[in-house]
Amino acid sequence: MNLHERDAIRVCRLEDIVPNTGVCALVRGRQVAIFRLGDDSVYALDNRDPFSKANVLSRGIVGDLKGELVVASPVYKQHFSLVSGCCVEDAAVQIPVYRTRIGDGFVFVEISEVATTCCYCGIGCGVLASVSGDAITSVRGDPAHPANFGRLCTKGLSLHKADPSFRALFPEIHGQRKTWDETLSFLVERFGKTIAEHGPDSVGFYVSGQFLTEDYYVFNKLAKGLIGTNNIDTNSRLCMASAAAGYKQTLGADAPPACYEDVDSAECVFIAGSNTAWAHPVLFRRIERAKPKHLIVVDPRKTETACSATLHLQIAPGSDVVLFNGMLHLMLREGWCDESYIRLHTENFESARQVASETSLERTAAICGVPETHIYEAAKIFSRSKATLSLYCQGLNQSSSGTAKNAALINLHLASGQIGKPGAGPFSLTGQPNAMGGREVGGMANLLSAHRDLGNEEHRREVAELWGVEEVPSKPGKTAVEMFDAVRAGEIKIVWIACTNPAQSLPDQKLVHEALERAELLIVQDAYRNTETAAYADVFLPAAGWGEKEGTMTNSERRVSRVRAAVPPPGEALPDWRIAVEFSKKLSLPGRKGGLLNYEKPEDIFNEHRETTRGRDLDITGLSYALLDERGPQQWPFPENAREGKKRLYEDGVFPTPSGRARFVPTPHRAVAEEVDAGYPLRLTTGRLRDQWHAMSRTGTIAGLFAHEPEPRVTVHPEDLSRAGINDGDLVQVLSRRGHIYLQAAADPDLMRGLVFIPMHWGARFLGGESRRGVNELTLGALDPSSQQPELKHCAVRMERAQLPWRLVAFGNSRDAFSLMSGLDPLMGAAPYAVRTLIGRDSPGVRFAIAMEKAPHEEILEKIDTVFGLDAPEAARYDDSRHGRRILLQGNTVRAVRLSGDTRSEPWLKELWERAAPVKELRHYLLLPVETPPGLRALRGRTVCNCFNVSEREIDAFLTKSNSIIELQASLKCGTNCGSCLPELRRKVSLAKALEAVALPLTAAKV
Ligand code: SF4
Ligand code: FES
């Protein structure tokens, strides 16, 4: 296991480099430009010129520019500092620099690699982060990590690209910079006063599945042990609460029984409510490699995952329980159940049988809207295959009957004995990277340490004893949605929000924003300063981010991995656990024991957490930092003296229930919380994009990750569009009973009629306009009665064409992306429709678009020009009564553009900007409203392959010559790195083949 390898790599003799010139060397797979100056000092930086995207810097001229040592790119002549890598002409651009040294006449380049874990999804991939100086310069998948064996997806491969300009660097009170001491003193004073006046339940903590286990442990103990409130919940409530409740009701413990290895031995992989190809791409690569005989996908949408299925059950939204009950009905009718497993290892079968008997095949087909033959086929394969593994995620969890959906699916595994053997079992895919770790330490309103229940008196006593406090309060805490209701009602007066963004991610945002406005004291702790929630912060606490902190996380397969700091946090940012510890040291509450959180380092916290698990289902008393460092990530349970963790649970058929038997749960069907009607006839479902993560706090700072889906869109079936008199690409208003948003409509013939889809990620930072609350302006806060998880996956909406004919678009780059984004803050509410997103790859910029009824006041246009630097005297301009244009060139390339009144020329101007292409003969057309100026080369369009920047048009053009995926990959390289784009490439190739098959007979007939 490569933990923290600091390598000085010998690259060449010093004498091999002519003074004042450079050479190029391949160092750990990276092209590095190495320069020797006249005084024999040596500098190294990336060889790639970010403007021309060519590996050419080693051929550049080195010299002194205004006192700075620089190399000039031989292509467009930008200068890069040899010391910092910063571009002299464009401060927003910086390239990696590497430490060098000379030894025995040789030049050494220092690159160290730190083994850590990806911070996005619950697959928990191992990452090797290359460090030079105080910067992570690149990442690669850790070949030794059992979750990914060296693979990463587009998000993981971009971990090091998060834009530092968005980082929070120092504590603030009411927007004023303060020291940590001042800030924490202010906080303890306010906590003390509020608790004295209103009791401990007047404060609440809303934390995050992005926390490391150690962070979670400390915050949980701070709330329940020190302050004496159970008001601590987490964004895992929006993610895995129903999965956890489903496991506990049926199998007796919140423990996924299967493991990733089961993918390799499953004969049937049954994916329900998960677009695994996009949400958990590295696991999907494993499924593709394993090529299970059957890949059944249950999803109302024809996602990339569904397109790869051998059988796709495109069920009506919210009908999952009926489908699973109907499948159980068939298993019973056809004798496909495993009678002996049911008899020996389960109980309460009659109750499930009763419900299933009422769910005939005809009824199932009618409610689900899928053919009877498909349901029959699915039930047969599920029960009769040698091993069936089901993978499921938010399609089941984010529902007002999420627990029932989970339980109904687990019923199928129990009835067919598809559990506790290689390749079989129910396997929830965790959304948040450490939602599991949070549940392990009891970091939710209804839990206590080590999977103990708050409602259990014995458990409360055990935890109080372990913590050395008199008692743990028995009053249940507020869960996520309830907590913000209580803040809005003034019941909770102080709320501390850490590493999560409820002003974007919770449903029914109008109420959430009201709550944030009304909170007496709102504390926001985050690594990023510009989240939607941070805008409301009375106190802002800067937290360390990925690559800057130490601890552990647990992935979907119960595997505990070390997370390691590769670089120090920027500015005054601190690790999350440290912030809670320093706060607790200052907090003195009458009658509460102090000194509870005296930890010096994360390992101290881990060791205490470990002790709480002794004898519990997740016993990790055999684990230690030393063992994880020596032997790599391990699965739990891993009790003391065990040689290894447990790969798969329940292989002996014994379950952690009082009887030792798994329990069937009757799951009668309940309709979705908000049915469609004449006023709101469409069903809205939300989900993930391939290259974005959750509320985009981090991925939303990486310009390259916008290329696959550049702006917020609502996808709709073409017939639904035409029925509403809307064209593909039109601007529409989507309305629910709670609010409305404007966004662009996109026709998708693969979507079922009556269903519309909006990605879950777009919050007010990107999607402004009248309401400024993003996609969750529309969703509703109906909760599952067992898990309290909200129904984010379904609500009723209607859609109307937007009556906003006047358009404006501006884009470009100036200082850094954060300044540009913040500069646009006051303008995000200036029009009913306003969108700002990042554009570009290596050199990020911002695109801003608005639509309104008529042209705004000149003052708005002037403000936009100022933000983009278009108020410079050298900017070219054109104005008439209805239109305006501004173009700012930098040398021979486009730096910023504003088009108002007529935005037709945006696509080609933006492409010129993105490619940093010389405007040459197009110069005469820059101020003209032309769609395609003469001599323009074909536009690239949307990017499909992020790794190799391959666009849809390039792929389509290739497919007119060949429909072989191997030739496509060989020619354009797309799909040959992380593979995240492979499902889309395969879909395109299949389409090309189908078109060719249709075309051939026609051609033959013609002949
Ligand atoms: S699948 Fe992608 S996002 Fe998830 S852990 Fe792996 S690299 Fe990170
Ligand atoms: S997106 Fe990574 S290979 Fe295409």
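The values are calculated or read from the model by the stated rules, or taken from the named source; none is laboratory data. Everything quoted here is computed from the prediction, not taken from an experiment. FYI the Cβ positions are ideal-geometry reconstructions off the backbone, even for glycines, and counts take in every protein chain you see. Just so you know, the surface numbers come from the protein's heavy atoms only, side chains and all, with ligands and any DNA or RNA stripped out. Shrake-Rupley method; radii C 1.70, N 1.55, O 1.52, S 1.80 Å.
Spatial offset of segment 586-648 relative to segment 735-782 amounts to 42 Å, using the alpha carbon center of each. The packing ranking, built from the mean of other Cβ atoms within 10 Å per residue, places the peptides 80-88, 407-415 in the order 407-415, 80-88, highest first. Modelled label positions at Glu89 and Glu261, each set 7 Å beyond Cα in the direction of Cβ, lie 5.6 nm from each other. Among residues other than Ala916 with Cβ under 14 Å from its Cβ, the summed charge is +3 (Lys and Arg +1, Asp and Glu -1).
Just check segment 819-874 against the gyration tensor rule for me: Cα atoms, a ≥ b ≥ c as the square roots of the eigenvalues, rounded for a/c under 1.5, and otherwise prolate or oblate depending on whether a/b exceeds b/c. Oblate. Here segment 783-861 is assigned +1 on the Cβ of each Lys and Arg and -1 on the Cβ of each Asp and Glu. Its dipole about the Cα centre then comes out at about 260 debye.
Extension gain, Lys854-Glu68: 0.36 nm per intervening residue step, less the Cα-Cα distance, totals 278.0 nm. Using the Cβ of Asn230 as centre and a radius below 11 Å, the other residues enclosed give a net charge of +2, where K and R count +1 and D and E count -1. Between Leu991 and Arg923, the contour length at 0.36 nm per residue exceeds the Cα-Cα span by 20.6 nm. Ranked by the mean number of other Cβ atoms within 10 Å per residue, highest first, peptides 946-956, 153-163, 357-367, 325-335 order as 153-163, 325-335, 946-956, 357-367. Computed with every protein chain present, the accessible area of Arg801 is close to 100 Å² [probe 1.4 Å]. To put it simply, the accessible area of segment 324-407 at a 1.4 Å probe is 49 percent carbon and sulfur. With each label modelled as a point 7 angstrom along the Cα→C-beta vector, the Arg384-Arg592 pair spans 6.1 nm. Here is the P(r) of segment 372-433: all C-alpha pair distances, binned every 10 Å from 0, give 22, 47, 29, 2 in whole percents. The mean accessible area for residues of the chain, using a 1.4 Å probe and ignoring ligands and nucleic acids, is 36 Å² per residue.
A crude spin-label estimate for the pair Val18 and Glu675, with each label 7 Å from Cα along the Cβ direction, gives 8.3 nm. Farthest towards the positive end of the charge dipole of the chain, among the residues Pro426, Val114, Tyr625, is the Cα of Pro426, using unit charges on the Cβ of Lys, Arg, Asp and Glu.
With a threshold of 32 Å on the Cα-Cα distance, the over-threshold entries among Lys478/Lys601; Lys161/Lys493; Lys478/Lys586 are Lys161/Lys493. Of all DSSP beta bridges confined to segment 811-857, the antiparallel ones make up roughly 100%.
If each residue of separation counts as 0.36 nm, what is the full-extension length gain between Glu458 and Arg99 once their alpha-carbon separation is subtracted?
123.5 nm
Ligands, DNA and RNA left out, the accessible area of segment 408-475 computed with a 1.4 Å probe is 42% carbon and sulfur. Each Lys and Arg Cβ is given +1 and each Asp and Glu Cβ -1; about its Cα centre, segment 817-940 then shows a dipole of about 480 debye.
Spread over its residues, the convex hull of the C-alpha atoms of segment 39-136 is 134 Å³ per residue.
The packing ranking, built from the mean of other Cβ atoms within 10 Å per residue, places the peptides 67-78, 730-741 in the order 730-741, 67-78, highest first. In terms of its alpha-carbon gyration tensor, the chain comes out rounded; the largest-to-smallest axis ratio a/c stays below the 1.5 threshold.
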